[in-house]
Amino acid sequence: MVRETINCVVMFADVAGSTAMYENMGDDLARERISRALNALITISQRFAGHLVKTIGDEILVYFIDIDNAILAAKSIQESMEDDRTPETIGVSIRIGMQYGSTILENDDIFGDTVNVAARVASMAKARQILCTQEIAFMVKSAELSNNMRPFDRLRIKGKNEHLDVYLFAWEEEGDMTNMATASSFTNPARHEQLKNLTLNYQSRAYPIPVDTASYLVGRGKDCELVVKGDLISRYHCKIEHRRGKFVLTDQSTNGTFVKTTGGQIIFLRREEFTLFGAGYISLGRKVDPTDPNIIHYFCE
C-alpha cells in the first residue's frame, strides 16, 4: 500500500443533463453517447499530463500537478465538445469544477478536503462552464489564462468559517458570453494611456510591479508578493494585473478593498475590478485612512 500527499489540481468533468438523455434517448443509446464523451475527456486530459483516477457514472475524476495544464485541459475539453459534430457525441455538454490543494494519493485513488471541495465546485457549474477556486485563479502563471478568470460566486463549505470564492474561466470568445455583473463600470479618465510602471509604497518601502507580471497578489498569505497583516485582511485579498497597457486591481476578499485617488474619488470594490491611474491610496478591508500603518500608496506612470 503506497500512500503519499501531493499538491495538485483536482478536476471533476461530467456530462450535463445526463438524466434527460436517458429519458429521451433510452438507456442503451444514452449510455453509449456518454461513454464516448467520457473517453474523449480522458484523452484530452491525458494530453495535458492529467492523471485519470476513475470514472463515476457520467463524470471523470482527474488530477494535474501543473495548474496551467489543468486549465488548458478544461478549455480544450469545452472547445472539442463544442466543435464536435460526430453523431455519437453531438449535443453533449460538459461542466467542469476544480480545486487546488493538498491531496492524499493512495492505491491509485485520491482523498481529502481538496477532492470534496472540487466536487462541490463542479456541482455549481452549468453546462459548458469551467469553474475553479480562488487558489487556482490566483496561481495561474499564464497571463492569457489569468485574464480570462472572472469572479463568479461564493460557496459555503460546511465546517469552514469563511466562504470559498469561486471563479469562472471564460473559455469562449467575449462576444459569445454574457458580460459578468462583477466587471467594473467605473469610468477611467486615463483609460487610453499605456501605463508602463506601477509602484506600491507600503511601510516606507517601494514595491515596483513590472509590466510582465501575470498576477501580483496582496494579502496576509505568506505566499503573496506583498504581505499585509491585519484582522480585516483576507489571505489573498486582491491582485494586480497588467492588461493591454493598464494596471487592473481586482478585489477577492471578505471585507472589500477601498481605493482613493489623489483627485478625491473614492471607490469600494467587492469582487470587482478597477483600473488604476495616476496616484492614490489602497486600503484593505477598511476605509482609507492615510495614517493607517497598513495603507498602501500607489503611483502609476
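The values are calculated or read from the model by the stated rules, or taken from the named source; none is laboratory data. Here the structure is a predicted model, which is why all the values come from computation and not from measurement. Every residue, glycine among them, receives a Cβ derived from its backbone with ideal geometry; neighbour counts consider all protein chains shown.
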Review point. Which fully enclosed helices (runs of 4 or more DSSP H) of segment 1-85 have 3 or more residues being polar (S, T, N, Q), more than 20 Å from the chain's Cα centre (by Cα) and assigned by TED's automatic domain parsing to the domain that holds GLY101?
Key: 18-25, 27-47
**Study point:** Which numbered condition LEU38 fails, given (1) in contact with a helix residue (DSSP H, G or I) (Cβ under 7 Å, 6 or more places away or on another chain); (2) surrounded by 16 or more Cβ atoms within 10 Å (Cβ to Cβ)
**Key:** (1)
Exercise for review: Kindly indicate the residue of segment 273-300 that is hydrophobic (A, V, I, L, M, F, W, C) and part of a strand (DSSP E or B) and also nearest to TYR236 (Cα to Cα) among those meeting that condition.
Suggested key: LEU284
Check your understanding: Residues of segment 22-40 being modelled with pLDDT under 85 and either within 19 Å of GLN78 (Cα to Cα) or touching a strand residue (DSSP E or B) at 6+ places or on another chain (Cβ under 6 Å) (or both), which ones?
Key -> ARG33
